[in-house]
Amino acid sequence: MILNGHIKEDFDRDGFVFLKGFLSSEEAAEINGQIQRFIDEVLPQAPDTTAFYEDRDDPGSIKRLQNMAALDPYFEEFFQSERFTELAKHLLADDVVPSNPQWFNKPAKVGAVTPPHQDGFYFMLEPNEAVTLWIALDDIDEENGCMRYVRGSHRRGMRPHRASNVLGFSQGVSDYSDEDTELEVAMRARPGDVFAHHSMIIHRADANHSDRRRAALGLVFVAARAKKDEERAARYKQELYDRWEKEGKI
């Protein structure tokens, strides 16, 4: 795909951009196969914090996989491929640092809501400049919990967040309003389509009550000019995992 100026303009204005067919359906199918291999072969030996489940007693209810590049050569190479890094550089107008690939899944019938949030709240960057490349791996629509972006919200600063009861999304925007809802854009997708969204944009997703799963691979790239508060981030992460372990969620 040619990275023209309109992609950057749309991203800067709206906080997200839709890249239809950025990957082929065959490439999406390969990624799905590699994720299943990861679940079958890598996950059994991986740290407990690698996978989050809708139901801890149901191995088929995985809602999120993380640290995949650190645990598996395929995802390390995939994450660092030139077409993704070049796209991230184009959108952020800077060199980028690969941060964290994650698999997001809403299992059929039981996939929970994703509360409205800003990724940047978790990232703890200054300035808060990062992009997530969200690769659709299924047919995604309103019925199985499509992504919903609040257009332009990345330009209005960090909103207050409070603790949520949703595992994997520990914080949600506490003052989400009807005004935000009116600005929402529901993002339908086919396998291989990519959404690129800024770390400061508010986004959410409904629960999946359909008989279809809704899966995507998210690749996070941080602008070289952004610096992370490593001590604060590590402390927050440890406190979060300690709480989830105490509650029996991981």
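The values are calculated or read from the model by the stated rules, or taken from the named source; none is laboratory data. Everything quoted here is computed from the prediction, not taken from an experiment. All Cβ positions, glycine included, derive from the backbone under ideal geometry; neighbour counts span all protein chains shown. To get the accessible areas, we keep the full protein, side chains included, count just its heavy atoms, and leave off ligands, DNA and RNA. Shrake-Rupley method; radii C 1.70, N 1.55, O 1.52, S 1.80 Å.
Any idea how far apart residue 179 and residue 94 come out in nm if each label point goes 7 Å out from Cα toward Cβ?
Roughly 2.8 nm, to one decimal.
Using a 1.4 Å probe over the heavy atoms of the protein chains, calculate the carbon and sulfur portion of the accessible area of the chain as a whole percent.
Numbers: 5610 of 11800 Å².
Roughly 47 percent of what the probe reaches on the chain is carbon or sulfur.
Any idea of the accessible area per residue across the chain, 1.4 Å probe, to the nearest Å²?
With all protein chains present, the chain gives 47 Å² per residue.
Output the direction-averaged projected area (hull surface divided by four) of the convex hull of the alpha-carbon atoms of the chain, in nm².
12.6 nm²
How do 95, 139, 57 rank by accessible surface area computed with a 1.4 Å probe, from largest to smallest?
Order by accessible area, largest first: 57, 95, 139.
So if the hydrodynamic radius of the range 1-134 is defined as the Kirkwood radius over C-alpha pairs, what does Stokes-Einstein give as its diffusion coefficient at 20 °C and 1.002 mPa s, in µm² per second?
Approximately 128 µm²/s, per Stokes-Einstein.
Just for the Cα atoms in the range 1-65, what are the lengths along the principal axes, largest first, rounded to whole Å?
Extents along the principal axes: 47, 26, 17 Å.
Under a point spin-label approximation (7 Å from Cα along Cα-to-Cβ), what is the residue 20-residue 141 distance to one decimal in nm?
1.6 nm
Only Lys, Arg, Asp and Glu count, each charged at its Cβ (+1, +1, -1, -1), so figure out the dipole size of the chain about its Cα centre, rounded to 20 debye.
Here the size comes out at about 440 debye.
Once phi is turned into ³J(HN,Hα) by the Karplus curve 6.51 cos²θ - 1.76 cosθ + 1.60 with θ = phi - 60°, what whole-Hz value does each residue of the range 42-56 show in order, with x for glycine and proline?
Going residue by residue, I get 9, 4, x, 9, 7, x, 4, 7, 6, 10, 10, 10, 5, 9, 4 Hz, with x marking Gly and Pro.
What is the percent of Cα-Cα separations in the range 97-237 that go past 26 Å?
Values: 2007 of 9870 pairs.
Looking at the range 97-237, the distances longer than 26 Å represent 20 percent of pairs.
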